[in-house]
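Each remark here refers to the structure printed beneath this line.
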Amino acid sequence: MKDTRTMPEKAFDAYDGSPPAWVVVLADAIQANGTTYVANLLGYTNPALSQIIHNKYGTNRTNIEDRVRAKLMGATVQCPVQGIIGREACLDWQGRPFRATSSLSARMYRACRANCPHSRIKGGGNAS
């Protein structure tokens, strides 16, 4: 028998009626746009997103949560170099290699690796 519940309904059931807000946003996005579209947008696989919705994701959810907050919820952070920027831009800067082509690029590279509180780089901060 096919499960006819919506993605948000599945999330609420899986989390005993209280899924985290970011999971609700993820479920709504999947319901509206399809799992493949949202998976591609976030850079994760369909099964990973399904496991999150069903509360069966076995490893650390922080990176997926961060992507949902950045791409679907418009989260912002206080950057030590640029001030308030989008979390998506923050994550993008962290992934860039060192480039001495501009002073901003060099400053951002160093800041992302020098205990910025928003850094996901190992040893680069507390990853808040």
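The numbers here are math on the coordinates, done by the rules we state, and not lab data. All figures in this text were calculated on a predicted structure; none of them were measured in a lab. No Cβ is skipped: glycine too gets one built from the backbone with ideal geometry, and neighbour counts run over all protein chains shown.
A Förster radius of 35 Å, combined with the Cβ-Cβ distance separating D16 from A114, puts the computed FRET efficiency at roughly 0.30.
In this calculation the C-beta distance from V81 to N60 is compared with R0 = 35 Å, giving a FRET efficiency of 0.85.
For the chain, take the longest principal axis of its alpha carbons; what is the angle in degrees between that and the long axis of helix 21-33, to the nearest 10 within 0 to 90? Long axis of 21-33 versus the principal axis of the chain: about 70 degrees. In the chain, helices alone account for a calculated mean residue ellipticity at 222 nm of -15000 deg cm²/dmol, with every DSSP H run of four or more residues adding -39,500 (n - 2.57). Amide H contacts of T76 (H built 1.01 Å from N, in plane; Pro and chain starts excluded): R87 sit under 5 Å, all sequence-distant by 5 or more or on other chains. Rounded to the nearest 10 degrees, the inclination of helix 62-71 to the longest alpha-carbon principal axis of the chain is 80 degrees. How many nm separate the modelled label positions at D92 and N33, each set 7 Å beyond the Cα in the direction of the Cβ? Each label point is offset 7 Å from its Cα along the Cβ direction, giving 1.5 nm.
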